[in-house]
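Report on the following structure.
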């Protein structure tokens, strides 16, 4: 019976759109939800009433609410989307997932360092982020969603530390530009992997691929 209840709750959680869930608590101006079993915290938006994040936001490695401390492990879908005055985000290294549309259209976001433990970058996660010029993709990333970095018009240098790009679920138009002009784009890859990146389709979005 306990197993059945747990399974039912899990299915219900998948059916609920993350963007529609209200936050559980707030710490230092950042809003959080906990996962279904209270194992970890996820950064989210405030909800429909919606104060927007702005300036430089630092997300701690752990947060405490009602005498319980939760590690911060995820950035929820839509958490920072359309925050036009957000200029920088510092994420803890334990974050493993950046959700769909989480930073979409953050047009002033000029500084973002992806966490070392990151494995998934969601669909349209950074779409329309027009301010930053460089991004480093951590070695453990196994999924880059469709449109993840689409129309990041000033992104000129991508440093991918992934050793085997064939093992990455690489989404459609992940780094696409509307004008399809990629002459100023350079992809930096681990030594000996240039051909593998070409075979995986990354060269579609970069005029230059160089090995580090």
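The values are calculated or read from the model by the stated rules, or taken from the named source; none is laboratory data. Here the structure is a predicted model, which means the values were calculated and not measured. Cβ atoms come from the backbone with ideal geometry, glycine included; neighbour counts cover every protein chain shown.
For region 194-212, the set of residues classified as in contact with a strand residue (DSSP E or B) (Cβ under 7 Å, 6 or more places away or on another chain) and part of a loop (DSSP other than H, G, I, E, B) consists of 200, 201, 206, 212, listed by residue number.
Of all residues in region 136-169, those that are crowded, with 16+ Cβ neighbours inside 10 Å and touching a helix residue (DSSP H, G or I) at 6+ places or on another chain (Cβ under 7 Å) total 1.
Being closer than 30 Å to residue 56 by Cβ, at pLDDT below 95 and surrounded by fewer than 16 Cβ atoms within 10 Å (Cβ to Cβ) is a property that residue 178 lacks. Looking only at residues of region 63-90 that are under 16 Å from residue 148 (Cβ atoms) and out of contact with any strand residue (DSSP E or B) (no Cβ under 7 Å at 6 or more places or on another chain), we find that the one that is surrounded by the fewest Cβ atoms within 10 Å (Cβ to Cβ) is 78. The requirement of being under 19 Å from residue 170 (Cβ atoms), free of Cβ contacts under 8 Å to residues at least 60 places away in the same chain and either surrounded by fewer than 16 Cβ atoms within 10 Å (Cβ to Cβ) or more than 10 Å from the chain's Cα centre (by Cα) (or both) is fulfilled somewhere in region 113-120, by at least one residue. Taking each residue of region 51-71 that is touching a residue at least 12 places away in the same chain (Cβ under 8 Å) and on the phi > 0 side of the Ramachandran plot and looking for partners that are surrounded by 13 or more Cβ atoms within 10 Å (Cβ to Cβ) and part of a strand (DSSP E or B) with beta-carbon atoms closer than 7 Å, six or more apart or interchain, yields 55/87.
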